[in-house]
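See below for the structure under consideration.
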Amino acid sequence: MDKSENIVVVDNSPFIAGFVLQDVTLPNGIVLRVAVGGKGAPLVLLHGHPQNHVTWRKIAPTLAKNFTVILPDLRGYGDSDKPAGDEIHRNYSKKVMAQDIALLMDVLGFEKFAFVGHDRGGRVGHRLALDYPERVNRCVFIDIAPTATMYAMTEKTFATQYFWWFFLIQPAPLPETMIGFDPKLFLYKHLDGQLKTPGATEPAIRAEYLRCYSNPAMLHAVCEDYRAAATIDLEDDANDSELRISCPLQLLWGEKGTVGQLYDVIHTWQDKADNVQGMALPCGHSPHEEIPDKMLDALLPFLNA
């Protein structure tokens with residue numbers, strides 16, 4: 001099949017000027033909602049929980065001046081497909097979610113690309129860089145330490161501030177049912193706790209996040225994402241413990257957030273990657289939403305190097 005037949009243009013993005021929404025059918029049958037804009041070398045930006053691709057709205061138009069910017073919704077999130085979970089949570093493993101991104105770039109016609117991932121998107125990026133080293137030429141991870149490291153170093157402060165790491169992994173349907181009773185309460189409390197810059201998420205964007213988060217299929221997918229992180233992802237990482245990220249890796253984190261306060265972020269990645277650099281930024285968990293200009297000042301020199 002002609003790859004162009006796998007791409008359906010949906011509409012212009014209502015949130016990101018100059019970007020077009022597409023539904024892209026992957027060879028594995030999954031359909032990802034993707035916003036695409038700009039011209040130049042390909043650059044993938046992958047969101048985290050509980051957002052979708054709209055999280056990049058403040059920096060994507062600037063990046064699009066020099067890059068073809070590709071903003072997928074992760075499987076399970078936003079308007080992408082939401083397959084059912086499975087017994088070992090493989091459908092939401094970072095290995096499978098990383099394969100989605102590699103397949104997406106195949107369909108879009110890009111062999112090599114740069115990658116920026118926030119939160120869950122960064123964890124998918126970690127696996128992407130390990131499994132497809134010949135394709136990822138540069139990586140940026142935002143406000144994460146390695147998953148295995150964070151679980152291994154769990155103590156009271158982390159367990160309290162990141163309680164959802166332990167709540168969402170409980171067997172279905174407990175967390176799905178509890179969140180589904182009032183998804184707005186859970187979502188908005190989560191955003192307000194993670195972001196340390198008042199007003200960083202505009203009312204229309206909060207409503208967009210809530211539209212997606214109110215879908216029971218997304219709530220199940222979110223829980224499966226975290227269940228995978230606590231099980232099959234750890235097994236995959238242990239099985240590939242000798243692998244390292246070979247491309248240049250930039251780490252950016254919020255100095256006001258839990259990750260920045262609890263971990264020496266660069267140190268946590270030095271045994272995972274060959275070429276690591278990074279810096280703290282004056283914000284909480286989401287610099288691209290909280291301080292977009294400072295985020296771009298840190299990001300662009302690395303991407304353009």
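The values are calculated or read from the model by the stated rules, or taken from the named source; none is laboratory data. In this text the structure is predicted, and so the values were computed from the model without any measurement. Note that we place each Cβ from the backbone using ideal geometry, even for glycine, and neighbour counts take in every protein chain shown. Each accessible area value is taken on the protein alone, full model and side chains, heavy atoms only, with ligands, DNA and RNA left out. Shrake-Rupley method; radii C 1.70, N 1.55, O 1.52, S 1.80 Å.
So in segment 234-274, with the set limited to residues that are within 20 Å of the chain's Cα centre (by Cα) and of a type in the set (Asp, Glu), which one is most open to solvent (accessible area, probe 1.4 Å)?
Glu255
Name, by its number, the condition in (1) surrounded by 13 or more Cβ atoms within 10 Å (Cβ to Cβ); (2) not in a loop (DSSP other than H, G, I, E, B) that does not hold for Thr157.
Here Thr157 meets the rest and fails (1).
Restricting to segment 279-291, name every residue that is outside any loop (DSSP other than H, G, I, E, B) and surrounded by 18 or more Cβ atoms within 10 Å (Cβ to Cβ).
Once the filter is applied, which keeps residues that are outside any loop (DSSP other than H, G, I, E, B) and surrounded by 18 or more Cβ atoms within 10 Å (Cβ to Cβ), segment 279-291 yields Ala280, Leu281, Pro287, His288, Glu289, Glu290.
Looking at Phe158, Phe166, Phe186, which is the one that is within 22 Å of Arg206 (Cα to Cα), out of contact with any strand residue (DSSP E or B) (no Cβ under 8 Å at 6 or more places or on another chain) and not aliphatic (A, V, I, L, M)?
So the residue among Phe158, Phe166, Phe186 that is within 22 Å of Arg206 (Cα to Cα), out of contact with any strand residue (DSSP E or B) (no Cβ under 8 Å at 6 or more places or on another chain) and not aliphatic (A, V, I, L, M) is Phe186.
Consider Ser93 carefully, then state whether it is polar (S, T, N, Q), at pLDDT 95 or above and crowded, with 21+ Cβ neighbours inside 10 Å. Even if it seems obvious, please write down each step before you answer.
On the way: polar (S, T, N, Q): yes; at pLDDT 95 or above: yes; crowded, with 21+ Cβ neighbours inside 10 Å: yes.
So Ser93 fits the description; yes.
Can you tell which of Lys39, Lys58 is open to solvent by 10 Å² or more (accessible area, probe 1.4 Å), among the basic types (Lys, Arg), touching a residue at least 40 places away in the same chain (Cβ under 8 Å) and part of a loop (DSSP other than H, G, I, E, B)?
One residue alone meets the criteria, Lys58.
Does Pro301 meet the test of being modelled with pLDDT of 95 or more, more than 18 Å from the chain's Cα centre (by Cα), under 27 Å from Ala64 (Cβ atoms) and open to solvent by 60 Å² or more (accessible area, probe 1.4 Å)? Reasoning before the result, please.
Values: modelled with pLDDT of 95 or more: yes; more than 18 Å from the chain's Cα centre (by Cα): yes; under 27 Å from Ala64 (Cβ atoms): yes; open to solvent by 60 Å² or more (accessible area, probe 1.4 Å): yes.
Spelling it out, Pro301 is indeed modelled with pLDDT of 95 or more, more than 18 Å from the chain's Cα centre (by Cα), under 27 Å from Ala64 (Cβ atoms) and open to solvent by 60 Å² or more (accessible area, probe 1.4 Å).
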